[in-house]
Amino acid sequence: GDSVTQMEGPVTLSEEAFLTINCTYTATGYPSLFWYVQYPGEGLQLLLKATKADDKGSNKGFEATYRKETTSFHLEKGSVQVSDSAVYFCALSEAGAQKLVFGQGTRLTINP
Amino acid sequence: GAGVSQSPRYKVAKRGQDVALRCDPISGHVSLFWYQQALGQGPEFLTYFQNEAQLDKSGLPSDRFFAERPEGSVSTLKIQRTQQEDSAVYLCASSYGTGWHEAFFGQGTRLTVV
């Protein structure tokens, strides 16, 4: 079945550092790919998405590119802020399917 | 309301007790989802409603789990004869349409079975 594997956390960085959180997936078809973020005390929020190969999703300075050849969707940000501290989830949804398949999450802490 | 609302936020149940978890989706949202999130894990799909119809219940782990959405808005997830492995955060999400639309998540109900 479909699955998503994320780099294990926790990840701790200093403010203004470069961030990469790795995500790879296994899917039978051509899924859409997502990054969700969960800030402390809040519900999951969609951060960005990409629906086909080579698409780049971007939001709030974060970017991820849908790489079909490496089945990856790594999350990057050039300069993180303390406010980016959260748990990040990579997820996929098969075409025509309603449900999301999530990775295990990566906890990110940014120190001032 | 402005977002997806779930109640209660926290529930402690004794093993063997029945529980009911409520989800109020965003008004007008057609699709509603339930997910289970164990500690330190990502959410796992339980079930999906389109209006009042339960179109996918493939993720429900056992016949102790039952979900309903009788009028196509509020949904209830019921767990009978709770067991310790049922301890998790139960997330509800809703989305506007029937194709892919952004799903908005509630804050979840944390269930602890003792």
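Quick note: the coordinates plus some simple rules give every number you see, no bench work behind them. Not measured: the values here are computed from a predicted model. All Cβ positions, even for glycine, are placed from backbone atoms using ideal geometry, and neighbour counts span all protein chains on display.
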Kindly check whether there is at least one residue in segment A:96-106 that is surrounded by fewer than 16 Cβ atoms within 10 Å (Cβ to Cβ) and touching a strand residue (DSSP E or B) at 6+ places or on another chain (Cβ under 9 Å).
-> no
Among the residues of segment B:33-84, which ones are in contact (Cβ under 8 Å) with a residue 60 or more places away in the chain, of a type outside the set (Lys, Arg) and over 21 Å from residue A:2 (Cα atoms)?
-> B:79, B:80, B:82, B:83, B:84
Kindly provide the set of residues from segment B:56-79 that are surrounded by fewer than 16 Cβ atoms within 10 Å (Cβ to Cβ) and either of a type in the set (Val, Ile, Thr) or part of a loop (DSSP other than H, G, I, E, B) (or both), ordered by number.
-> B:57, B:58, B:61, B:62, B:63, B:64, B:70, B:71, B:72, B:74, B:76
Output the residue which, of all residues in segment A:42-66 that are out of contact with any Lys or Arg (no Cβ under 7 Å at 6 or more places or on another chain) and part of a loop (DSSP other than H, G, I, E, B), is farthest from the other protein chains (Cβ to nearest Cβ).
-> A:54
Number of the exception - residue B:41 against (1) facing chain A (nearest Cβ under 10 Å); (2) assigned to a strand (DSSP E or B) = (2)
Could you please tell me which pairs satisfy a Cβ distance under 7 Å, a separation of 6+ or placement on different chains, a first residue in segment B:95-114 that is more than 10 Å from chain A (Cβ to nearest Cβ), and a second residue that is of a type in the set (Lys, Arg) and not in a loop (DSSP other than H, G, I, E, B)?
-> B:109/B:11; B:111/B:11
Breaking point among (1) in a loop (DSSP other than H, G, I, E, B); (2) under 19 Å from residue B:102 (Cα atoms); (3) among the acidic types (Asp, Glu), for residue A:69 | (2)
